[in-house]
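S.K.: My questions will all concern the structure given below.
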There are 2 protein chains.
Amino acid sequence: MFFLKTLPSARMIEGYAGAHDVPAETIIDALTLMRRASQMIRRLESFFSSHGLSQLRFLFLIVIDREPDRDMLTVGEITDRLDVAGPVVARTLRVLEGDGYVTAERDENDARAKQVKLTPKAHALLERLLPEYFSILADEMDRSA
Amino acid sequence: MFFLKTLPSARMIEGYAGAHDVPAETIIDALTLMRRASQMIRRLESFFSSHGLSQLRFLFLIVIDREPDRDMLTVGEITDRLDVAGPVVARTLRVLEGDGYVTAERDENDARAKQVKLTPKAHALLERLLPEYFSILADEMDRSA
DNA sequence: ACCATTTAGATATCATGCTATCTATCTTGA
DNA sequence: TCAAGATAGATAGCATGATATCTAAATGGT
């Protein structure tokens, strides 16, 4: 997250950056990018939270759902697809299991691995959330265009 | 933060969003925005962390430093300028005070308020970090252009 | 003047990100 | 074949975001 409510003016950036051979406009673009994304993420988190989820839990479900030709992934495969550390995935799995959104069972061929599968409840949830998810994204793109 | 390493393809989004009257390209743009910003923020956090700071602590110092015509702000003014909750600002203040980057003293006219000021050590730190900060922003803009 | 309300900030507690480390299982090469 | 190393995942503990609630000081209407 980027935590600045009001971005510095170009003039202020010149003052800071002027000496350092980076054009102020590039800096403004970078800060604007982070600010827009942060506002979007805040709104998404609030949306997910109102449905007992979080962005991460949602994406955890999505990466399983979107996998072509398969209906389950191992914990490691999920970790590969999500940009968070392993322990976070492990804990998120525990929560989602507790909430009845996924089931996990040991792999038949590798007793270290775990196969994670979505429950019907999770499929129903995704179906319910996706339209609003997309319309929030569209609205935020619009609003900050 | 946005935690998806690989964005869904346009086709996959059509599959999800197609039914819901939002153009897939808009969704891709939104996801790309969040992904770019997240990578930038990750890199910044790692940069700040290698200097014993965090993005928030850095911005806390910056908002005081950049204030025109004043060399101090109250805790409430800092909270207004940063997009984080009050308790986070209070704790960050304690840490920065402990590290010798700011001093805080009660306001003369309002015994509830606290005036926060940068130390010379903080000014020196900002001067040292800003060039690299800007060049990281520029580099990331470049890389994901 | 005085009590109700507002405001500034701090404290308590929770959720969730991280790194470091541990256990269990699989693989590999002498 | 079996010990050394690699790999899958879990656990421990820290850092830092959030909300709810508390205290102390200021303010304002009667």
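Nothing in this text is a laboratory measurement; each read-out follows from the coordinates by a stated rule. Please read all numbers here as calculations on a predicted model, not as lab measurements. Quick reminder, even Gly has a Cβ in these numbers, built from the backbone with ideal geometry, and neighbours come from all protein chains shown.
S.K.: So, counting K/R as plus one and D/E as minus one, what does the shell of residues with Cβ under 14 Å around A:Glu105 add up to?
M.R.: Summing Lys and Arg as +1 and Asp and Glu as -1 gives -1.
S.K.: Moving on. Report the extension gain between A:Glu67 and A:Asp142 in nm, rounded to one decimal, defined as 0.36 nm multiplied by the number of residues separating them, less their alpha carbon distance.
M.R.: Using 0.36 nm per residue and subtracting the Cα-Cα distance, I get 24.0 nm.
S.K.: Taking chain A as a Gaussian network, where each spring joins two C-alpha atoms under 10 Å apart, which residue of A:Leu118, A:Leu93, A:Leu31 fluctuates the most?
M.R.: So, out of A:Leu118, A:Leu93, A:Leu31, the one fluctuating most is A:Leu31.
S.K.: At 7 Å along Cα-to-Cβ for each site, give me the label-to-label distance between B:His51 and B:Thr103 in nm.
M.R.: Label-label distance for B:His51 and B:Thr103, simple model: 2.3 nm.
S.K.: Can you compute the helix-only [θ] at 222 nm over chain B? Use -39500 (n - 2.57) per DSSP H run of at least 4 residues, normalise by all residues, nearest 500 deg cm²/dmol.
M.R.: -20000 deg cm²/dmol
S.K.: If you take each beta carbon of peptide B:138-144 and count the beta carbons of other chains within 10 angstrom, what is the mean?
M.R.: So the per-residue partner count for this stretch is 4.
S.K.: Still on this structure, I have one more. If you take every residue apart from B:Pro8 with its C-beta less than 12 Å away from the C-beta of B:Pro8, what net charge results, scoring Lys and Arg +1 and Asp and Glu -1?
M.R.: Around B:Pro8, the surrounding residues sum to +2.
S.K.: For the stretch B:1-97, state which GluC sites (Glu not before Pro) are in a DSSP loop and have at most 10 other beta carbons lying within 10 Å of their beta carbon.
M.R.: Listed in order of number, the matching sites amount to none.
S.K.: Could you work out how much longer the chain between A:Leu7 and A:His123 gets when fully extended? Use 0.36 nm per residue separation minus the Cα distance between them, nm to one decimal.
M.R.: 37.7 nm
S.K.: Specify which residue in the list B:Leu130, A:Gly76, B:Thr32 is farthest towards the positive end of the charge dipole of the protein assembly as shown, using unit charges on the beta carbon of Lys, Arg (+1) and Asp, Glu (-1), about the Cα centre.
M.R.: A:Gly76
S.K.: Please state the shape class of chain A: rounded when a/c is under 1.5, otherwise prolate if a/b exceeds b/c and oblate if not, all from the C-alpha gyration tensor.
M.R.: It comes out prolate by the Cα gyration axes.
S.K.: Mind checking the angle between helix B:24-49 and chain B's longest principal axis? C-alpha axes, 0 to 90 degrees, to the nearest 10.
M.R.: 40
S.K.: I need the phi-derived Karplus couplings for the stretch B:84-92: 6.51 cos²θ - 1.76 cosθ + 1.60, θ = phi - 60°, integer Hz, Gly and Pro marked x.
M.R.: 9, 6, x, x, 5, 5, 4, 5, 4
S.K.: Between B:Thr74 and residues 5 or more places away or on another chain, which pairs have amide H atoms under 5 Å apart, with H built 1.01 Å from N, and which residues are they?
M.R.: Long-range HN contacts for B:Thr74: B:Val116.
S.K.: Below 8 Å, C-alpha to C-alpha, sequence gap of six or more: please give me the relative contact order for chain B in percent.
M.R.: 18 percent.
S.K.: Estimate the FRET efficiency between B:Ala85 and B:Ser135 by the formula 1/(1 + (r/R0)^6), using the beta-carbon distance for r and 41 Å for R0, to the nearest 0.05.
M.R.: It comes to 0.85.
S.K.: Relative contact order of the stretch A:77-128, please, whole-number percent, based on alpha carbon pairs below 8 angstrom and at least 6 residues apart.
M.R.: Reported as a whole number, the value is 24 percent.
S.K.: For chain A, with a Gaussian network of springs between Cα atoms less than 10 Å apart, report the residue from A:Phe48, A:Phe134, A:Phe58 with the top mean-square fluctuation.
M.R.: Of the options given, A:Phe134 has the highest mean-square fluctuation.
S.K.: Under the convention of a label 7 Å out along Cα→Cβ, give the distances in nm from B:Asp69 to the same position in every other copy, shortest first.
M.R.: 6.8
S.K.: What are the semi-axes of the equivalent ellipsoid of the protein assembly as shown, taken as the square roots of 5 times the eigenvalues of the Cα gyration tensor, listed largest first and rounded to whole Å?
M.R.: Working from the Cα gyration tensor, I get semi-axes of 40, 22, 18 Å.
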